[in-house]
Amino acid sequence: MTLGSWLALFVALIGAAEIVRALRQRGLKHERWRRFFRNRTTSWGLGILVFLVIVAIAAPLVAPLDPIKQHDPVHLKNLPPSWTFILGTDVFSRDVWSRVVYGARVSLGIGALGALVAVSLGSLVGAVAGYYGRRVDAVLMRGVDVGLALPRIFILLMAVALWDGLPFVTLALAIGLTSWFGTSRLVRAEVLSLQQRDFVVAARALGAGDGRVIFRHVLPNAAAPIIVSAALGVGNVLLLEASLSFLGIGVAPPRPSWGNMIADGASSLYTAPWTTLFPGLAISLVVMSLNAVADGLRDALDPREEGGAA
Amino acid sequence: MTTETPGGGGALLRVRDLKTYFVTEHGKGTARAVDEVSFDLYPGETLGIVGESGCGKTVTSLSILRLIPEPPGHILPGSLIEFEGRNLLALPAPELRAVRGNQIAMIFQEPMTSLNPVFTVGDQIAEAAIIHQHLSRGAARARAIEMLQLVGIPDPGERVDHYPHQLSGGMRQRVMIAMALVCHPKVLIADEPTTALDVTIQAQILELLGRLQKELGMAVLLITHDLGVVAGHADRVVVMYAGRVVETAQTDELFDHPTHPYTEGLLAAVPRIDAPRARLHAIPGQVPAATAWPTGCRFRPRCPYAWDKCLTEPPLLETGTPGHTARCWLVTEPARRQASR
């Protein structure tokens, strides 16, 4: 580790803490965000996520070494953590810390992009099914049943087999396209109850068309479950990417992702546990943080908590 | 206000033989919520529709703009809702949307739930103007402020950015009125606009509606169960019972000479400040279920005058004096009324 990367890491840590503190300060004015920060775990989760995002963005500053460079495959492989290689080296003599840092870009990126695709598609299908009802609903929901019944990993295996070495964006899309079924059911249920509400009838009485009613009057009122499912979705997509990469069909090496780092290190689990431990820890940390934030969002956005004036 | 005969000439809105039925679940049959309802609405007048809960008032008003939830509900073929010579029931969806909110607008019973909680009132008032007149955001906002001013909300420049939960019930109803009137419609359907409000606010809202009606020259279809509201604000009245029109007359005529026994009962049930205090009259029994209206006259089981003809033959709308019709055999056999007293 160089002094520069220690400094960058330190700045990232302080920055994350400051951002959370500032958000908290501002949030105290609003009932809704007070509920969000009520739980200490949520603040920690948010802090960790912000920290990791900063690290991912500033990867070249935080990582002291090239994540792909094999320093000396004979003499420097599987070294335990030391001052030079803070988290040790892997079987190809690459710096584990630098790979974890650059892996954050790939893993968080796929998680965010995949969840975005999944939640958008799920909301759209759910809203259309719930709003139009009848035959449209029946057809779409039977499709969703099929999607839920098929094991996702096999669909992805098939897709990957067709492409061979998926580019980053395609992988994220493929994961997103197979992850929206649950969200669509959730949104459909929400839309079914919302469209009986008076303000939806009132909007139609004003001459609003279907698209306007769905996107302006129905979906914004279903925002709470959609946002929560997005937060949880990022974690799920990230785990899925890790499993795919572990199976060797996710992110193509030598590009580091937390999943393929675990796959690379799996063979030397006994002799060099640090090669798998740290990417594994990173995955757990992100998923736990996302769950904590999702819990906080659920508290903040739950209309039942909305006290009279709020 | 108008003296035209109820033949429909010159009417802005003509409703003829409107039948809106609902298919109930569990095979209990068809609820004939609105059954052969006919009336006319003339330019500039206020037509009151009165009746108890469940008599089909709201379904009638929703049917006019085709807002009945379908699957369960459907408007039967043969019904006619004619607005300025066009049958709204036969209009393709885009043309119908161009009528909704633009030429015929509606305000709802519950100001608490009829506003979208996630948008500011300004956004919601501007919505119809953006849809129908394609105003820019800035122009729409200016229009929203203007409308808030028109409906008597103080500080419109500030209120325009408030969310519905920041307003009181009366203010929300004013916002609803502003939303409905933003395109200066020719017809305003007000479905129990004051039922959810307390009495002083009720009076203010009705006064506001009356003032705006004169200023904008629109016709109002005022749906209510409150005869006091009708007496004070309607030019003509349609009394509904069990999905049917049972009596139509000028307001004064209706209050002075009620013909249908149901109207009589309703009027007798209004507490009077100028009469000696006595037990309040109530019409015996309840409105029957819409899936099983009684045979013959639908009011027969609750009618003090009913005789055997009422059991077998459903009465027709008979004209007594000009402009005053009632669906009762007593119109043709007035002697019976005295006999049973």
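The label-point distance for B:Glu333 and A:Glu31, in a model that sets each label 7 Å from Cα toward Cβ, rounds to 6.3 nm. Relative contact order of chain B: what whole-number percent is it, with Cα pairs under 8 angstrom and at least 6 residues apart? It rounds to 20 percent for chain B. Database remark: amide H of B:Arg327 closer than 5 angstrom to the amide H of B:Glu247, B:Glu318 (H placed geometrically; neighbours at sequence offset of 5 or more, or on other chains; Pro and chain starts carry no H).
For every helix of n ≥ 4 consecutive DSSP H residues, a contribution of -39,500 (n - 2.57) applies; sum these over chain A, divide by its total residues, and give [θ] at 222 nm rounded to the nearest 500 deg cm²/dmol. Could you put the intermediate results ahead of the total?
Details: 13 runs with 212 residues, N = 310.
For chain A, the value works out to -23000 deg cm²/dmol.
Annotation for A:Arg152 and B:Glu318: the two label points, set 7 Å from Cα along the Cα-Cβ direction, are 7.3 nm apart. One quarter of the convex hull surface built on the alpha carbon atoms of segment A:202-271 amounts to 7.2 nm², the projected area averaged over directions. Mind pulling the angle between the C-alpha long axis of helix A:40-57 and the longest principal axis of chain A? Nearest 10 degrees, somewhere in 0 to 90. Once rounded, the angle reads 60 degrees.
With springs connecting C-alpha atoms under 10 Å apart, model chain B as a Gaussian network and identify which of B:Leu221, B:Leu316, B:Leu88 has the largest mean-square fluctuation. Evaluated over chain B, the most mobile residue of the options is B:Leu316. Between B:His225 and B:Asp252, residue separation times 0.36 nm minus the direct Cα-Cα distance comes to 8.0 nm.
If we count other beta carbons within 10 Å of each Cβ, what is the order of A:Lys69, B:Lys186, B:Lys19, fewest first? Each step should come with its number before you reach the end.
Working: A:Lys69 12, B:Lys186 21, B:Lys19 18.
Starting with the residue having the fewest Cβ neighbours, the order is A:Lys69, B:Lys19, B:Lys186.
Here the Kirkwood formula puts the hydrodynamic radius of chain A at 21.4 Å, using every distinct Cα pair. Hey, in the GNM for chain A with a 10 angstrom Cα cutoff, which one of A:Ala300, A:Ala172, A:Ala149 fluctuates hardest? Result for chain A, Cα springs under 10 Å: A:Ala149 fluctuates most. Wrap a convex hull around the Cα atoms of the protein assembly as shown, take a quarter of its surface area, and give that in square nanometres. Here the figure is 36.9 nm², rounded to one decimal. Taking amide hydrogens as placed 1.01 Å from N in the peptide plane, the amide H of A:Val91 sits under 5 Å from those of A:Asn78, each at least 5 positions away in sequence or on another chain. Per-residue extension of 0.36 nm, minus the Cα-Cα distance of A:Asp72 and A:Leu247, leaves a gain of 60.3 nm for this segment.
Among B:Trp329, A:Trp180, the order by Cβ neighbours within 10 angstrom, fewest to most, reads B:Trp329, A:Trp180.
Beta bridges from DSSP with both residues in the protein assembly as shown: antiparallel share about 60 percent, rounded to the nearest 5. Which FRET efficiency value, to the nearest 0.05, is calculated for A:Ile57 and A:Ala223 with the Förster distance at 30 angstrom and r the Cβ-Cβ distance? That gives a FRET efficiency of 0.65. For the segment B:322-333, counting C-beta atoms of other chains within 10 Å of every residue's C-beta and taking the mean gives 0. What FRET efficiency do you get for B:Ala142 and B:Glu70 if R0 is 56 Å and r is their Cβ-Cβ distance, rounded to the nearest 0.05? Computed FRET efficiency for B:Ala142 and B:Glu70: 0.90. Cysteines in the protein assembly as shown that lack a partner Cβ within the 4.7 Å cut-off: B:Cys55, B:Cys183, B:Cys303, B:Cys328.
Would you give the gap between the C-alpha center of segment A:48-96 and the C-alpha center of segment B:136-175, rounded to a whole Å? That distance is 59 Å. Label separation (A:Ser193 vs B:Gln133): 3.8 nm, computed from points 7 Å beyond Cα along the C-beta direction.
Fewest neighbouring Cβ atoms within 10 Å first, the residues A:Met288, B:Met179, B:Met240 line up as A:Met288, B:Met240, B:Met179.
Summarising the overall dimensions of segment A:107-246 from its C-alpha atoms, the Rg and Dmax are 16.5, 55 angstrom.
Just from its helices, what would the mean residue ellipticity at 222 nm be for chain B, if runs of 4 or more DSSP H residues each count -39500 (n - 2.57) and the sum is divided by every residue, rounded to the nearest 500 deg cm²/dmol? That calculation yields -9000 deg cm²/dmol at 222 nm. Taking every residue in B:129-140 and counting other chain Cβ atoms within 10 Å of its Cβ, the average works out to 1. Largest GNM mean-square fluctuation among A:Ala174, A:Ala138, A:Ala224, using chain A with Cα springs under 10 Å: A:Ala138.
Rounded, prolate or oblate: pick one for segment B:51-128, where a ≥ b ≥ c are the square roots of the eigenvalues of its C-alpha gyration tensor, a/c under 1.5 means rounded, and failing that, prolate if a/b is larger than b/c, else oblate. It comes out oblate by the Cα gyration axes. Computed from the C-beta positions of B:Ala98 and A:Asn291, the FRET efficiency with R₀ = 51 Å rounds to 0.55.
No lab work stands behind these numbers, since they all come straight from the coordinates. Everything numeric here is computed off the predicted structure, so don't read it as measured data. Positions of Cβ are backbone-derived with ideal geometry, glycine not excepted, and every protein chain shown enters the neighbour counts.
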